[in-house]
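The values are calculated or read from the model by the stated rules, or taken from the named source; none is laboratory data. Computed from a predicted structure; not experimentally measured. Cβ coordinates were reconstructed from backbone atoms using ideal geometry, including for glycine residues, and neighbour counts include every protein chain displayed. Remember, those area values only see protein heavy atoms, side chains included, never the ligands or the DNA or RNA. Shrake-Rupley method; radii C 1.70, N 1.55, O 1.52, S 1.80 Å.
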Amino acid sequence: MKLHLVSLGCAKNLIDSEIMLGCLVDAGWALTDNPSEAEIIIVNTCSFIEAAVNESIDTILELAKFKTSGFCRHLVITGCLPERFREEIVRSLPEVDIFLGTGAFDRIVQAVKGSPGLSKCFLPNPDLLPMQHRDAHRVRISSHMAYIKIAEGCGKHCTYCIIPKLRGKYRSRNHEDIIAEARCLVLSGVKELIIVAQDTTSYGNDLNKSVDLSGLLESISDISKDVWVRLLYGHPESIDESVIKTIAKHDNICSYFDIPIQHVSSSVLKRMGRKYTRDDLYRLFEKIRKTAPDCVLRTTAIVGFPGETDEEFQQLFDFVEDICFDHFGVFIYSDSEDLLSHRLSSHVPKNTAKKRHDWLMSRQADISLKNNQKYIGRVLRVLMEEKPKNNLFIGRTCFQAPEVDGITYINSNQLQLGRFVDIKITDAFEYDLAGKTV
Ligand code: SF4
């Protein structure tokens, strides 16, 4: 009984996929990377923005072909696409046998068995989905790096974001369960633990006062000083000084601050429903750089948000020039009728938004190159990840997060994947680095 799963979207969705695969393997299914030989095909979808919705639908239609050309007898769609579009998506995708929403990942075995108890589109309230158990079997895609989800859902309600509707209210995971999982992952040989949630810096606010994020980070960092701990998806409203100090204090916690700002103009932030100002952001990044001088800053911003004027955009542009982020991603606002922001006036024409996106990205390319050039001649610890061809390895430094940041190239034939190696940096590019073994 062979099964093929495609996981789309974010790291949180990937963890859900890995846990579903664990349940299916425990139920006796074998996994295959080749969809043509699979009896069951699962697509764990994303619907965060329009591009993600299109990618999910294209992937489903592509894989549905194996119901005629392959062995596939059951196509199962899970996650954010059915959760967002509900009966509408059921009508538009007759190829699909069953849809599971974000509150039903724990029903995956029933779904692939085609158990009668499940309706074709099963969408229980995501708030009721049991939190991940410490011993949950995960079939992980990487042996040396692992994401750890510390909370579900989101308690903030940014006007352009559908996630609270898809993933429910903010629920922190049990502190002990997270530590136990981290310990297991380290024992299994993982060299990098990446802490994720929709908003990691709100961790513990819904639990009793003794549990907070800095305490959690300390406990995870103490498991092994030879393992990197990286925190992603911080929020400017909820990151507090204790977290900044904890990251600065521990050598094995990457001095890497991922804090999406989305914009800096106070009038745009107000329309986005984000409760901070440009001055708050200046103070925050100044405090981080003062507390952790060797820190690396990552952020993202949205351009073309309804009503965004040239002046408001210029404020964002000037801020990016002032702060000089190490990593900076720009998204063009993605409109949809089910978003609060859809009702705002003065939507920005797509070509204007695209121009603003390109201006910012070209400015950031210069900033990123200049930031990378400071590493030339330095010896950095690099986690070896791939060997794409003879005499070439690819790895990441502690300031290069997977999937979103640049990588480091090393010409060698002698290195081992999943190991840290000291590399002398010889070249710097806009986003990537190159080096040699010392
Ligand atoms: S904090 Fe993030 S996940 Fe939550 S509503 Fe805002 S953008 Fe969405």
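A quick yes/no check of all residues on (1) part of a helix (DSSP H, G or I); (2) modelled with pLDDT under 95; (3) out of contact with any helix residue (DSSP H, G or I) (no Cβ under 7 Å at 6 or more places or on another chain):
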position: G9; (1), (2), (3): no, no, no
position: D33; (1), (2), (3): no, no, yes
position: T78; (1), (2), (3): no, no, no
position: L81; (1), (2), (3): yes, no, no
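What number of residues in the range 126-185 are part of a loop (DSSP other than H, G, I, E, B), away from the ligand (no atom under 16 Å from the Cβ) and of a type outside the set (S, T, N, Q)? Let's see the steps before the verdict.
Filtering the range 126-185 down to residues part of a loop (DSSP other than H, G, I, E, B) leaves 129-144, 150, 153-162, 168-170, 173-174.
If we keep only those that are away from the ligand (no atom under 16 Å from the Cβ) as well, we get 129-144, 173-174.
When the remaining residues are screened for being of a type outside the set (S, T, N, Q), the result is 129-131, 133-141, 144, 173.
Residues flagged as part of a loop (DSSP other than H, G, I, E, B), away from the ligand (no atom under 16 Å from the Cβ) and of a type outside the set (S, T, N, Q) within the range 126-185 amount to 14.
May I ask you to list the residues in the range 120-142 that are among the charged types (D, E, K, R), surrounded by fewer than 16 Cβ atoms within 10 Å (Cβ to Cβ) and touching a strand residue (DSSP E or B) at 6+ places or on another chain (Cβ under 9 Å)?
K120, D127
Working carefully through the options N413, N351, find the one that is free of Cβ contacts under 8 Å to residues at least 24 places away in the same chain, not assigned by TED's automatic domain parsing to the domain that holds L316 and not hydroxyl-bearing (S, T, Y).
That would be N413, the only listed residue that is free of Cβ contacts under 8 Å to residues at least 24 places away in the same chain, not assigned by TED's automatic domain parsing to the domain that holds L316 and not hydroxyl-bearing (S, T, Y).
Out of the range 68-112, which residues are farther than 18 Å from W29 by Cβ and open to solvent by 50 Å² or more (accessible area, probe 1.4 Å)?
T68, S69, R86, E87, E88, R91, S92, P94, E95, listed by residue number.
Residues of the range 205-248 being in a loop (DSSP other than H, G, I, E, B) and either open to solvent by less than 60 Å² (accessible area, probe 1.4 Å) or among the hydroxyl-bearing types (S, T, Y) (or both), which ones?
Selection gives L207, S210, V211, S224, V227, L232, Y233, G234, H235, P236, S238, I239.
Considering only residues that are surrounded by 17 or more Cβ atoms within 10 Å (Cβ to Cβ) and of a type in the set (S, T, Y), which ones fall in the range 143-194?
Once the filter is applied, which keeps residues that are surrounded by 17 or more Cβ atoms within 10 Å (Cβ to Cβ) and of a type in the set (S, T, Y), the range 143-194 yields Y147, T159, Y160, Y170, S172.
Any residue in the range 98-123 that's in contact (Cβ under 8 Å) with a residue 60 or more places away in the chain: show its pairings with residues that are open to solvent by 40 Å² or more (accessible area, probe 1.4 Å) at Cβ separation under 7 Å, as long as the two are six or more apart or on different chains.
The qualifying pairs are G103/N125; G103/L128; D106/P130; I108/C23; V109/C23; V109/A27.
For the range 251-269, state whether one or more residues are in contact with a helix residue (DSSP H, G or I) (Cβ under 6 Å, 6 or more places away or on another chain), open to solvent by 50 Å² or more (accessible area, probe 1.4 Å), within 25 Å of C158 (Cα to Cα) and in a loop (DSSP other than H, G, I, E, B).
No, because not a single residue in the range 251-269 is in contact with a helix residue (DSSP H, G or I) (Cβ under 6 Å, 6 or more places away or on another chain), open to solvent by 50 Å² or more (accessible area, probe 1.4 Å), within 25 Å of C158 (Cα to Cα) and in a loop (DSSP other than H, G, I, E, B).
Tell me whether the range 358-369 contains one or more residues that are at pLDDT below 95 and surrounded by fewer than 16 Cβ atoms within 10 Å (Cβ to Cβ).
The answer is no; no qualifying residue exists.
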